[in-house]
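Take a look at the structure set out below.
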Amino acid sequence: MSSHLTESDPDPAWRKNAGQASLPEVHRSVLVPVTASFWRKLLAFSGPGFLVAVGYMDPGNWATDLAGGAKFGYALLSVVLISNFMAILLQHLCIKLGIVTGRDLAQACRDHYSRPTVWFLWVLCEIAIAACDLAEVIGSAIALQLLFGIPLVWGCIITALDVLAVLYLQNKGFRYIEALVMTLIATIGTCFAAELIFSKPSLTGMLLGFVPGPHIVTNPTMLYVSIGIIGATVMPHNLYLHSSIVQTRKFQQTTEGKREAIKFASIDSGVALMFALFINAAILVLAAAAFHWSGHEDVAEIQDAFKLLSPLLGVGLASILFAVALLASGQNSTLTGTLAGQIVMEGFINVRLRPWLRRLITRALAIIPAVLVIGLFGEGKTTQLLIASQVVLSMQLGFAVWPLMRFTDEKAKMGPFANPLWIRILGWTTAVIIIVLNVKLLFDTFVPDAALKAFYGFLGLPAPAP
C-alpha cells in the first residue's frame, strides 16, 4: 500500500482496497518526458481521449442522429453541441479522479461503498457494457451486410474474431491500440467529410442549427428525439474507462506533476470529443441535406439511409462510404468495450480473468441475443435491438455520473484538486439533466400510450407522435 502514497495524496485513508493498479499490464507504461516542450508532452498524453471519443460516435448514436436530421433538418445540431459539452465536462472529471487518486471510478466505488452496493453497481455496469457491445455487434453486422451481402447472423458471428486483434495489440503495447483507434476515427472522419461535400448542405442553416431555441422543448416530438440524442451520446462505461487509461502515462507523482497531467489529458480529451462532435453533427447534417427536403423525413433506419444516399445525392460512392464509416465505428467501439469490461470487473470486485476469456464472455453476451432475435424474428428487428441497447445504457448512466460527481467534490479524496464551486454547479446540473432525461426516456419507452397521453395532458402539451 505504501507504494501508492505520494506527497500529493490528500487523505489515503479512504482507500480501503488500495493495492493493485488499474489495468496493471499497461499501468504507467507510457513515459512522459519531464523537460520536454509543450507539444512533446501533449503528444505523450494524446491517445486516451480518442479511445473515449469512440463511445460518442458508436452505431447507437447513428439512429438518433439520422432521425433528428431527417425529421427536423438542422434544428437539433444545438442538442448535439450541448450533449458534447456535457461529455467534455464529465470526461474531465474522470481524468481528475484517475490522475489525483490513482484509482479508476470502479475502484473508487469499491473503496467507498458497502459490498452490496458495490455488487449492485457492478452488475448494472456489466449489463450496460453488454448492451453497448450489442449495439456495436449489430452496427458492424449491418455494415458487413451492406458492403458484402453477408447475412446479419453471420455478420454478428464474424465480429467475434476481433478479439484476436485486441489481444495481439494489447500484448504489443497500449500505444498500438491507441494508434489503431485513431486510424479508424480518421477513416470515419474522412468518409463523412466526403459525404458533406457530396450533400452540399446549407452553411447558414447549419450555423443557425447550432443556436438552441424554445421549439426544442415546446415541440414534443422534437423533445423526444433530443432526449434520444443526449441519451445515446454520454456512455456510462466511458466514465470508468477514462479514469483508468489516463493512468497509462508515467508522469511525476507530485502536486505539480498531477496538475500538468490533468491539463494535457484534458486537452487530449477535449480535442478528441470535438472530433466526435464533428462526426455526430455530420451524420445529422447529412440526413438533413439528403432526406429532410426530399420527402424522406421518416428515414430512421441505417439500412434505409444506405439505400437512399447514392440515388438522392447522385454519387455512387456515397452509400459505400456511409457503410465503411459504420463498419469502422462498430469495430472501434468494440476495442474500448473490451478494456472497459476488464476495468469494471477488476475495479468493482477485484476479479481478474485472462483477457481472451473476458473478451469472449463479453462478446457472447452481445452476440447470443443478437443472433437469437435476428434468427427468430428476422433482420427487420435490428433497429429495435439498437433502441433497446440505448434504453439499457440510459438506465445505468445515473449510477455512474452520481459517484463521479460525489468523489471529485470531496477534499478527502481530491485535496487541492476538489471541484471548485462553478464546476460543482455545472457538474450537478449536467448530472440532474442527464438523469431526468433518461428517466423520461424510460418512462416513454415502457409506460402505456394512455398513461403517456395523460402525462402530457397534465403538462398541457400534446403527446408526441409514436
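The values are calculated or read from the model by the stated rules, or taken from the named source; none is laboratory data. Quick caveat, the model's predicted, so the values are computed rather than measured. Positions of Cβ are backbone-derived with ideal geometry, glycine not excepted, and every protein chain shown enters the neighbour counts. These area figures cover heavy atoms from the full protein model, side chains too; ligands, DNA and RNA do not enter into them. Shrake-Rupley method; radii C 1.70, N 1.55, O 1.52, S 1.80 Å.
A few comments on the model shown:
- When residues in the range 48-78 are screened for being within 13 Å of Ile283 (Cβ to Cβ) and part of a helix (DSSP H, G or I), 14 of them pass.
- Residue that is farthest from the chain's Cα centre (by Cα) [pool: residues in the range 118-134 that are over 22 Å from Thr334 (Cβ atoms) and open to solvent by less than 50 Å² (accessible area, probe 1.4 Å)]: Val118
- Thr187 falls short on exactly one of the conditions (1) open to solvent by 40 Å² or more (accessible area, probe 1.4 Å); (2) touching a residue at least 60 places away in the same chain (Cβ under 8 Å); (3) closer than 30 Å to Lys258 by Cα; (4) not small (Gly, Ala, Ser), and that condition is (3).
- The range 290-310: number of residues that are within 11 Å of Gly73 (Cα to Cα) and open to solvent by less than 30 Å² (accessible area, probe 1.4 Å): 2
- Selection status of Val391, in contact with a helix residue (DSSP H, G or I) (Cβ under 6 Å, 6 or more places away or on another chain), assigned to a helix (DSSP H, G or I), at pLDDT below 75 and of a type in the set (A, V, I, L, M, F, W, C): yes
- Of all residues in the range 213-253, those that are open to solvent by 30 Å² or more (accessible area, probe 1.4 Å), touching a Lys or Arg at 6+ places or on another chain (Cβ under 9 Å) and at pLDDT 80 or above total 2.
- First in the range 255-279 and open to solvent by 10 Å² or more (accessible area, probe 1.4 Å), second anywhere and basic (Lys, Arg) and in a helix (DSSP H, G or I), Cβ under 6 Å, 6 or more apart: Ile262/Lys96
- In a residue-by-residue description of the range 32-53, the property of being crowded, with 24+ Cβ neighbours inside 10 Å and under 26 Å from Ala289 (Cα atoms) applies to at least one position.
- Among (1) free of Cβ contacts under 8 Å to residues at least 12 places away in the same chain; (2) small (Gly, Ala, Ser); (3) in contact with a Gly (Cβ under 6 Å, 6 or more places away or on another chain), the one test that Ser140 misses: (1)
- When each of Asn17, Asn61 is tested for being modelled with pLDDT under 80 and under 27 Å from the mean Cα position of the chain (by Cα), the lone residue that passes is Asn61.
- Conditions (1) at pLDDT 85 or above; (2) touching a Phe, Trp or Tyr at 6+ places or on another chain (Cβ under 9 Å); (3) closer than 22 Å to Lys172 by Cα: number failed by Arg28: (1)
- Any hit, the range 106-114, residues being open to solvent by 40 Å² or more (accessible area, probe 1.4 Å) and either more than 28 Å from Leu426 (Cβ to Cβ) or of a type outside the set (Phe, Trp, Tyr) (or both): yes
- Residues (of a type in the set (Val, Ile, Thr), farther than 10 Å from Arg249 by Cα and touching a residue at least 60 places away in the same chain (Cβ under 8 Å)) located in the range 20-41: Val34
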